[in-house]
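Taking it in order: structure first as structure tokens, then the write-up.
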Amino acid sequence: MSPNPRTLMRPLVALLGLVLALVLAGCGGSVEPTAQDEPKTPATDTFPVTVEHKYGVTTIEAEPTRVVTLGLSDQDAVLALGVRPVGAVDWFKERPFGKWPWTKDVWGDAPPEVVGERDEFNVERIAALEPDLIIAQYSGMKKEQYDTLSQLAPVVAQPKGHDDYAAPWQDMARPIGRALGQRARMDELIAEIERRFARVRAEHPEFAERTAVVADSFEPGAYVAFARTDLKALLLTELGFRFPPAVDALVRPGQNVAEFSAERLDLLDVDRLVWLNSSTEANERIRAEPLYQRLDVVREGRDLFVPYQDPDIGAAISFNTVLSIPYAIDQLVPMLTAAR
């Protein structure tokens, strides 16, 4: 809405502006600023923009100002571009939002409304926020949910060509940058992180000769290794490690993990084994498993038990976003190099 008036109209426009200013001044009132009035990074693309995704193509007619994120970590990429989502889903029971080291400063005092947990979205809460853009990249949004939410606002669903939760972080960040009109800025952020990965690989060429797996155990006798396409495994391969084919062979279509019992713990006998467990009890249970104690990776001290929180290394690895990756690299690489 930026018309170009003829030169002869400019004096009239200026006069009208002066009159309007005098009228407003005479009212003696003031408008309190809101969170949406706060300065934010302006869009650089020309709207409308179109974004292709799993369920088709979405057009965003104007620069979004009220964004709701439904992917588990989508808020990070949005925050990285200077936009604070008005709504987001809960993943780690993180209340209030913004406690993570990589986001606590950018959320400030404007936490979002929680509009669901994982892939259970509260449509009524989302509608009440009057969004002008809904983003669902790192999610399992179904077509029915997409159709329903598209009646409220433009929806940018999961990246096309990938299983849910299996798209590389770059492929989720770029659609967000395009939807917000900031493709160039997002490309800069992605390039900087890729340079950081390249520096680590250059400083540690030995990583390329070693295999690595990220694992978890949710209950006694049950174990999982995250698939090659899972963001947690992708972080290690981007650092330079190799992924063992034997794990990939057990991953069922549409799944992000290989599941197995204690009898197949040999799958985890790699050069670097990274456990992401939610409690010290789980760690001790794994260490106490006799079949686990027989593995070379254990006997030689090459297994790492990485906490999700305090410090928040596991959470940063799980998020694997343009904001969390630098923190994850800084925290995890010293642990990987310290292991024998």
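Laboratory data are not the source of any read-out in this text; all were calculated from the coordinates shown. Predicted model, so just to flag it, every value in this text is computed and none were measured. Please note: Cβ atoms are built from the backbone with ideal geometry, for glycine as well, and neighbour counts cover all protein chains shown.
What the table below lists for this structure:
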read-out: Lysines with Cα under 27 Å of residue 54, excluding same-chain neighbours fewer than 8 positions away; value: 142, 143, 160, 232
read-out: Theoretical gain in end-to-end length, residue 90 to residue 125 [0.36 nm per residue, Cα-Cα removed]; value: 11.2 nm
read-out: For segment 142-214 and segment 104-132, distance of Cα centres in Å; value: 21 Å
read-out: Considering only the chain, percent of DSSP beta bridges that pair antiparallel, nearest 5; value: 45 percent
read-out: Three-way shape label, segment 204-338, alpha-carbon gyration tensor, a/c 1.5; value: rounded
read-out: Cβ-derived FRET efficiency at R0 41 Å, residue 198 paired with residue 294, nearest 0.05; value: 0.65
read-out: Potential extension, residue 279-residue 333 segment - 0.36 nm per residue separation minus Cα distance; value: 17.3 nm
read-out: Mean Kyte hydropathy of -1.0 or more with a Cα span along the axis of at least 18 Å, helices from DSSP in the chain; value: 10-27, 183-203, 324-338
read-out: Antiparallel %, DSSP beta bridges [both residues in segment 49-182], to 5; value: 40 percent
read-out: √(5λ) per eigenvalue of the Cα gyration tensor, segment 49-182, largest first, Å; value: 20, 16, 15
read-out: Label zone at residue 259, where the point sits 7 Å out along the Cα-to-Cβ direction: segment 206-245 residues whose backbone N lies under 16 Å; value: 216-227
read-out: Radius, Kirkwood style, for the chain when every pair of distinct Cα atoms is counted (Å); value: 22.2 Å
